[in-house]
Amino acid sequence: MSGVRQTDDVLQQIANYAAGPDAGSTEAYDTARLCLLDSVACALLALNYPACTRLLGPEVHGTIVPGGARVPGTGYVLDPIKAAFDTGTAIRWLDYNDTWLAAEWGHPSDNFGAILTMADWLTRGGRIPSPLQGEGDGVDRSRASPSPARFTVRDMLSYAIKAYEIQGILALENSFNRVGIDHVILVKVASAAVAARMLGGTRDHIANAVSNAWLEATLRTYRHSPNTGSRKSWAAGDATSRAVRLALMTMKGEMGYPSALTAPKWGLQDAWFKGQQVKISRPFGSYVMENILFKISYPAEFHAQTAVEAAILLHPKVKGRIDQISRVTITTQEPAVRIISKAGPLNNPADRDHCLQYMTAIGLIFGDLTADHYEDRMASDPRIDGIRATMTVNEDPRFTKEYYEADKRSIANAVQVHFKDGSSTENLAVEYPIGHRRRRKEGLPLLLAKFKENLESRYPRAQADRIAETCLDTSRLDAMTADQFVDLFPESQPQRSVAPAHH
């Protein structure tokens, strides 16, 4: 950066961390490995939904990209910008990938759209842009080291730990959604940082790419009534795509914006946060990866996971008395009240999978919750809206307090069903979802079962077994090159019937 223009401290900290040595505990690497497999499994399951697959592939039909990046589970070979979109979109489509809840929330596994694409493309011989020199902006591009000729799965895990950490630490005390910014801005920032590094970028390159990512704050109205729509399912894929583009542009010599956050009036802090600073509240390490939340049992917005679990546990006691329900009480944390408590019509699956009442009603009625339960044919069941109409949602201050406490980070919900004869179920509370670090031992076999089941949604059982056996051999998996890993997931076909969906 120019000596005249002081680089924002946040940009410097991100660049120093992204360019620095690997920062991950054994637990972080073990968890990152699970995150990678879970993310690919989520992408494979999403390929069963035409509303997702219609967005995939070359923008111009028939376009061939020699030496391009592969999209797992498809036959597509694309330029890395579109491949990042496709991979990121498929991972995120069903809202079933891992997540992170703090002052801001999001899905750190979205970053695999960039990481997997860049590693695959570069390992297959993708050409790194030649940095330009002498542009007059003071950036020393001559020190940019060439990217490694090959990336292993272990390398991808290292980059995932860093991307998760950047996104998650920025989310701890900075709430972008409260000022109207879509939280995928943090995916852009994290993916831009690691993509620039994967291209061989220096700290200056990384800061430049990240500064451009901060400039791309966008509205989040498509996540909320009356505009809730399917964009929320491809927004993260778009964010990883933009991050890859920005990293590539940076390596070609495109300038950065040193005070993107702090510039008076026009910087992000003044323009969006009324001067409040963007905070990095703890040093970057591997905290986020170690504490990541897996969506194991249900493809549901995470603030509702424990409500769904409670509802399913109550299902045996209410399944024969659905028509006798007089009232259902849901007790929850403040973020769930603010984000996913909805009354009235729900217009599409994207609306339903972010409705606390809808998801709880499904659990009570069916004793399960799958992606198919959000589709129109299931939503037309009159019992669902009948139960929703009886529901009240209340905040429990303790649930809210422990949601934010660093040593607890619970995501609690309680559900109680009242009947017309005056009887009721117990007020059943579930404080930690199955995907929480506190339930990791309990959740691990279920997470691996999810991986296998999603494989079998696209591949014949014998092929799925071979893929799973390879992926669960830790030393063998870590040593694989990125292209070998992606090639484990060739073009596939649905192995079971799935409802045509508009998600």
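General observations
- All conditions but one from (1) touching a Gly at 6+ places or on another chain (Cβ under 9 Å); (2) not assigned by TED's automatic domain parsing to the domain that holds Ile330; (3) not in a loop (DSSP other than H, G, I, E, B) apply to Arg458; the one that does not is (3).
- Val417 being touching a residue at least 60 places away in the same chain (Cβ under 8 Å), touching a helix residue (DSSP H, G or I) at 6+ places or on another chain (Cβ under 6 Å) and either closer than 23 Å to Leu36 by Cβ or surrounded by fewer than 16 Cβ atoms within 10 Å (Cβ to Cβ) (or both): no
- Flag if Pro264 is surrounded by 22 or more Cβ atoms within 10 Å (Cβ to Cβ), assigned by TED's automatic domain parsing to the domain that holds Thr99 and either on the phi > 0 side of the Ramachandran plot or not hydrophobic (A, V, I, L, M, F, W, C) (or both): no
- Per the listing Ala196, Ala217, the residue uniquely farther than 18 Å from Asp95 by Cα, aliphatic (A, V, I, L, M) and crowded, with 24+ Cβ neighbours inside 10 Å is Ala196.
- Qualifying residue in region 90-105 (condition: modelled with pLDDT under 95, buried (at least 21 other Cβ atoms within 10 Å of the Cβ), within 30 Å of Ile411 (Cα to Cα) and over 16 Å from the mean Cα position of the chain (by Cα)): no
- Scan of region 375-387 for residues that are out of contact with any helix residue (DSSP H, G or I) (no Cβ under 7 Å at 6 or more places or on another chain) and part of a loop (DSSP other than H, G, I, E, B), ordered by number: Ser380, Asp381
- Of the residues making up region 311-354, those that are of a type in the set (S, T, N, Q) and outside any strand (DSSP E or B) number 5.
- Any hit, region 16-33, residues being in contact with a Ser or Thr (Cβ under 7 Å, 6 or more places away or on another chain), within 18 Å of Ala236 (Cα to Cα), in the same structural domain as His183 (by TED's automatic domain parsing) and surrounded by 24 or more Cβ atoms within 10 Å (Cβ to Cβ): no
- Of Val328, Val337, all but one fail to be surrounded by 16 or more Cβ atoms within 10 Å (Cβ to Cβ), under 25 Å from the mean Cα position of the chain (by Cα) and β-branched (Val, Ile, Thr); the exception is Val337.
- For region 117-139, the candidate set comprises residues that are assigned to a loop (DSSP other than H, G, I, E, B) and surrounded by 21 or more Cβ atoms within 10 Å (Cβ to Cβ); within that set, the residue that is modelled with the highest pLDDT is Pro131.
- Of all residues in region 388-412, those satisfying the criterion of being outside any loop (DSSP other than H, G, I, E, B) and under 30 Å from Ile365 (Cα atoms) are Arg388, Met391, Thr392, Val393, Asn394, Glu395, Pro397, Arg398, Phe399, Thr400, Glu402, Tyr403.
- Criterion applied to Val308, Val288 was being assigned to a helix (DSSP H, G or I), touching a Pro at 6+ places or on another chain (Cβ under 7 Å), crowded, with 21+ Cβ neighbours inside 10 Å and hydrophobic (A, V, I, L, M, F, W, C), and the one residue passing it is Val288.
- Checklist (1) closer than 13 Å to Phe284 by Cβ; (2) touching a Lys or Arg at 6+ places or on another chain (Cβ under 7 Å); (3) hydrophobic (A, V, I, L, M, F, W, C) applied to Ala193, failing item: (2)
- Residues within region 467-486 that are out of contact with any helix residue (DSSP H, G or I) (no Cβ under 8 Å at 6 or more places or on another chain) and surrounded by 14 or more Cβ atoms within 10 Å (Cβ to Cβ), tallied: 1
- Only one entry of Met378, Met359 meets the criterion of being within 25 Å of Arg223 (Cα to Cα), of a type in the set (A, V, I, L, M, F, W, C) and under 22 Å from the mean Cα position of the chain (by Cα), and that entry is Met359.
- Considering the conditions (1) out of contact with any strand residue (DSSP E or B) (no Cβ under 9 Å at 6 or more places or on another chain); (2) more than 27 Å from Ala406 (Cβ to Cβ), Leu313 is excluded by exactly one of them, (1).
A quick yes/no check of all residues on (1) modelled with pLDDT under 95; (2) part of a helix (DSSP H, G or I):
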{"residue": "Ala414", "(1), (2)": "no, no"}
{"residue": "Glu426", "(1), (2)": "no, no"}
{"residue": "Arg439", "(1), (2)": "yes, yes"}
{"residue": "Glu442", "(1), (2)": "yes, yes"}
{"residue": "Ala462", "(1), (2)": "no, yes"}
{"residue": "Ala468", "(1), (2)": "no, yes"}
{"residue": "Arg476", "(1), (2)": "no, yes"}
{"residue": "Gln493", "(1), (2)": "yes, no"}
{"residue": "Val498", "(1), (2)": "yes, no"}
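The values are calculated or read from the model by the stated rules, or taken from the named source; none is laboratory data. What you see is a predicted model, and the numbers here were worked out from it, not measured in a lab. Counting neighbours? That spans all protein chains shown, and the Cβs are built from the backbone with ideal geometry, glycine included.
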